[in-house]
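The values are calculated or read from the model by the stated rules, or taken from the named source; none is laboratory data. All values derive from a computational prediction rather than experimental measurement. Neighbour counts are summed over all protein chains in view; Cβ atoms, including those assigned to glycine, are modelled from backbone coordinates with ideal geometry.
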Amino acid sequence: MATIVTDDGFIADDRANEFLDWTEAAQDPADLPYGAAVEIPNSLSGEELVPGFDRIAHLRICFPSHVDGRGFTLARHLRRLGYAGRLRASGHLLADQYVMARRCGFDEVEIDDELARRQPESVWQQSWQQQTASYQFLLQREA
Amino acid sequence: MYLYSEFDRTYVRNRVRMFRDQVDRRIDGSLSEEEFKPFRLMNGLYLQLHAYMLRVAIPYGTLDSRRLRQLAFIADRWDRGYGHFTTRQNIQFNWPRLKDVPDILDALADVDMHAIQTSGNCIRNVTADHFAGAAADELSDPRPVAELIRQWSTDHPEFTFLPRKFKIAVTGSPNDRAVTRAHDIGLRMVHSKEGQNGFEVIVGGGLGRTPVIGKVIREHLPEADLLPYLEAILHVYNAIGRRDNKYKARIKITVRETGIDAFRSRVEERFRIIRKEFLGADQQVIRRIRDTFAEPDYVQAPTAAFDDALRRDPAFRDFANGNVHRHKNPDYGIVSVSLKAHGRTPGDASSKQMRILADLAEAYGHDELRISHEQNVILPHVHRKDIPAVFAELSRGGLGTPNVGLASDIIACPGMDYCALATARSIPVARDIAVRLREIERDVGSLKIKISGCINACGHHHVGHIGILGLDRAGVENYQITLGGDATETAALGDRAGPGFPADELVPAIERLALTYLDIREDQDESFLETYRRTGLAPFQAALYPDAVPKGRGGHPERSNDAVS
């Protein structure tokens, strides 16, 4: 069973196997059931989901590798487009990237058991708690 | 120069602490080497041929004596007493031990320096015109802009895992000394017709195995829109840049495959959204940055000592003609210190030389230094009366070589002597060419020779007037020559001259090119590049391949089908 990393530590996955596969299922977001959980590939541009924003409660973006940063850009764009539901990164993300993921708009990160053993909760917590303010925050706030 | 805020200091210290922790976790196995790699790279640590190499950022090439002395200290304490200045205004230490690296980073932080984002698939150390803030032809100092971009790009949560590395250069002068057309993004500070400050934005340039001259994506971007526009470009690149093939992952390929117009419309569309997220603080920040780049407190004094030395001392005359450039204050000169003494490794400086340079900057140069992408050191503000004394001190330290801009002022990558990727040696070739051309180089005048030891083109050979590319042909080094490249505002890629040369025939071949130029130039004022542009490849090809049957006159031969593709 996968582990979900949040700001408060590891939690059990409350959504296991509920995610609809965007590439197989939906395509027309207006057909999605209300409260849907959808897994999307990191190659989407984001706009295709907009008509379904009021139906989607949870999105999962896959990171095929920890060096593939497309998921960060997609998350940021979805937030810009107004997506307000839960946003999960899943796949190979490391504790050192947790702060980045949060700053791009993710709420949580899903990791497998092997990674959870090698990078236990304390490592993720340390990464979160020892973060410093970002240059981007200083540059984007109001003058 | 830029003064770190408390925020900058805390930030850099925190990064050192994080890296120290990552090194510990790598050593105890909780990070695999594959997982550790991007983190060590984004802290400047490479694994090279013989050892780790640490690349330290010198943002936009600006240093002062305190920082240069600290680099000398690091070279002595943790390395082998020297450093190597690179074509991206960084300094590399070739022999650090992994366990010492966090301590080196702390020593850098002690003087407000770092090695952040000097490597890895992120936005790299931002480079700028090495004469910035001093050049007579400058419209506006590009360094505050480069510093703003440094801050914005540092640990950017969205852009730290890009398809490939990303290099940005800025110039504030119409004479482009920052090679803006061969960067992922090049920024040229311009005034609009209405007199508004802004940027010409160039995208998708680059050298490497697929050299491309960048294209203009925005002719005039208002100054205040810079960060959102950069963010839009990076956003599009990160989303659609190729990740299936490392050699097609740079933005130059994205732009080529998408088409500049389609790429531009995607960027503009994103820009309209992103612009709303910048609420004005960036403009406040750049004002604070600008205040820290105050002009030096110029000395008013007669310049007669300079003119006397010119009359009296022929060695000084050579130095003044080549190594001193026009300063915006006519009483001052910009002094370039060549790290290209004939027969030495281009770009290397010993700790002793670093200390001499630091002392000179302090005594005569308003405590400012610059590192150029041409791998030289610059004293940007020297009063003319002091230049003879500076020259004398430099000469005593082996730093007075009057060859800036001449044939022996060669850009060379580290090549097979250090680099794991190299397919041929670069440094010994550069040394041999410099020694061989020494007697005629003053007569030849301006000539940019650039040498890369593999097709990744770190030595910028594509934009050398004479470019040399070292390859491996069945275990034997072979050097291809390109002619007519240009790194400036009239940027051009060199034309391939023909078959390559083995190492022992290369240096005489380069000499034949120089002698041919002397034969066929119209007069002394026509430079090598101008002659080449007038005559084309034919006379130079005849000199390179005297035994070959001529292919016809004046035309450029087809690019050969092997190698550079």
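Working only within region B:70-84, note down all residues that are touching a Pro at 6+ places or on another chain (Cβ under 9 Å) and closer than 23 Å to residue B:459 by Cβ.
The initial filter retains those residues of region B:70-84 that are touching a Pro at 6+ places or on another chain (Cβ under 9 Å), namely B:74, B:78-79, B:84.
Within region B:70-84, B:79, B:84 qualify.
Examine region B:28-50 for a residue that is surrounded by fewer than 17 Cβ atoms within 10 Å (Cβ to Cβ), over 20 Å from residue B:371 (Cβ atoms), over 19 Å from the mean Cα position of the chain (by Cα) and among the small types (Gly, Ala, Ser), and state whether such a residue exists.
Yes, the conditions are met somewhere in region B:28-50.
Residue check: is residue B:457 in contact (Cβ under 8 Å) with a residue 60 or more places away in the chain, in the same structural domain as residue B:508 (by TED's automatic domain parsing), in a loop (DSSP other than H, G, I, E, B) and surrounded by fewer than 21 Cβ atoms within 10 Å (Cβ to Cβ)? Working first, answer last.
Working: in contact (Cβ under 8 Å) with a residue 60 or more places away in the chain: yes; in the same structural domain as residue B:508 (by TED's automatic domain parsing): yes; in a loop (DSSP other than H, G, I, E, B): yes; surrounded by fewer than 21 Cβ atoms within 10 Å (Cβ to Cβ): no.
No; evaluated as a whole, the condition is false for this residue.
I'd like the residue in region B:127-146 that is of a type outside the set (Gly, Ala, Ser) and either farther than 22 Å from residue A:140 by Cα or surrounded by fewer than 24 Cβ atoms within 10 Å (Cβ to Cβ) (or both) and, out of all such residues, is farthest from the other protein chains (Cβ to nearest Cβ).
Filtering region B:127-146 for residues of a type outside the set (Gly, Ala, Ser) gives B:127, B:129-131, B:137-139, B:141-145.
Add one more test, that the residue is either farther than 22 Å from residue A:140 by Cα or surrounded by fewer than 24 Cβ atoms within 10 Å (Cβ to Cβ) (or both), and what stays is B:127, B:129-131, B:137-139, B:141.
On the way: B:127: 19, B:129: 24, B:130: 25, B:131: 27, B:137: 31, B:138: 26, B:139: 24, B:141: 20 Å.
Only one residue fits best here, namely B:137.
Find the residue count for region A:71-87, including only residues that are surrounded by 24 or more Cβ atoms within 10 Å (Cβ to Cβ) and away from every other protein chain (no Cβ under 11 Å).
Residues flagged as surrounded by 24 or more Cβ atoms within 10 Å (Cβ to Cβ) and away from every other protein chain (no Cβ under 11 Å) within region A:71-87 amount to 1.
For region B:223-249, give me each residue that is surrounded by 21 or more Cβ atoms within 10 Å (Cβ to Cβ), more than 16 Å from residue B:120 (Cα to Cα) and hydrophobic (A, V, I, L, M, F, W, C).
Scanning region B:223-249 gives B:226, B:227, B:230, B:232, B:233, B:236, B:239.
This table checks each residue for (1) under 25 Å from residue B:128 (Cβ atoms); (2) within 11 Å of chain A (Cβ to nearest Cβ).
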site	(1), (2)
B:15	yes, yes
B:40	no, no
B:59	yes, no
B:66	yes, no
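Can you pull out every residue in region A:50-70 that is at the interface with chain B (Cβ under 7 Å from one of its Cβ atoms) and touching a Ser or Thr at 6+ places or on another chain (Cβ under 9 Å)?
Result: A:69, A:70.
Report, by residue number, each residue of region B:490-505 that is surrounded by 15 or more Cβ atoms within 10 Å (Cβ to Cβ) and not in a strand (DSSP E or B). Give the derivation first.
Just the residues of region B:490-505 that are surrounded by 15 or more Cβ atoms within 10 Å (Cβ to Cβ), to begin with: B:491-498, B:500-501, B:503.
Listed by number, the residues that qualify are B:491, B:493, B:494, B:497, B:498, B:500, B:503.
Among the numbered criteria (1) small (Gly, Ala, Ser); (2) assigned to a loop (DSSP other than H, G, I, E, B); (3) within 22 Å of residue B:56 (Cβ to Cβ), which one does residue B:169 miss?
(2)
Can you tell me which residue in region B:408-441 is surrounded by the most Cβ atoms within 10 Å (Cβ to Cβ), limited to those that are among the β-branched types (Val, Ile, Thr) and more than 17 Å from residue B:374 (Cα to Cα)?
So in region B:408-441, the residues among the β-branched types (Val, Ile, Thr) come out as B:410-411, B:423, B:427, B:429, B:433, B:435, B:440.
From the residues that got through so far, the ones that are more than 17 Å from residue B:374 (Cα to Cα) too are B:423, B:435, B:440.
Values: B:423: 19, B:435: 14, B:440: 15.
Per the stated criteria, the residue is B:423.
Quick one: in region A:27-49, of everything that is charged (D, E, K, R) and not in a helix (DSSP H, G or I), which residue is farthest from the other protein chains (Cβ to nearest Cβ)? Reasoning before the result, please.
Narrowing region A:27-49 to residues charged (D, E, K, R): A:28, A:31, A:39, A:47-48.
Those still in the list that are not in a helix (DSSP H, G or I) too: A:28, A:39.
Values: A:28: 22, A:39: 18 Å.
Applying the filter and picking the extreme gives A:28.
Looking at region B:515-532, is at least one residue surrounded by fewer than 23 Cβ atoms within 10 Å (Cβ to Cβ), assigned to a helix (DSSP H, G or I) and under 25 Å from the mean Cα position of the chain (by Cα)?
Yes, that holds for at least one residue.
Of (1) modelled with pLDDT of 95 or more; (2) in contact with a His (Cβ under 9 Å, 6 or more places away or on another chain), residue B:87 satisfies all except one. Which?
(1)
Given the options B:215, B:252, name the one that is more than 11 Å from chain A (Cβ to nearest Cβ), surrounded by 18 or more Cβ atoms within 10 Å (Cβ to Cβ) and in contact (Cβ under 8 Å) with a residue 60 or more places away in the chain. Before you say what the answer is, go through the steps one by one.
Values: B:215 fails: in contact (Cβ under 8 Å) with a residue 60 or more places away in the chain.
Sole residue among the options that is more than 11 Å from chain A (Cβ to nearest Cβ), surrounded by 18 or more Cβ atoms within 10 Å (Cβ to Cβ) and in contact (Cβ under 8 Å) with a residue 60 or more places away in the chain: B:252.
Looking only at residues in region A:88-125 that are of a type in the set (S, T, N, Q) and touching a residue at least 24 places away in the same chain (Cβ under 8 Å), which one is nearest to the other protein chains (Cβ to nearest Cβ)? Spell out how you get there, then give the answer.
Pass one, region A:88-125, residues of a type in the set (S, T, N, Q): A:90, A:97, A:119, A:122, A:125.
Subset that is touching a residue at least 24 places away in the same chain (Cβ under 8 Å): A:90, A:97, A:119, A:125.
On the way: A:90: 16, A:97: 8, A:119: 6, A:125: 13 Å.
Step by step, filter region A:88-125, then rank; the result is A:119.
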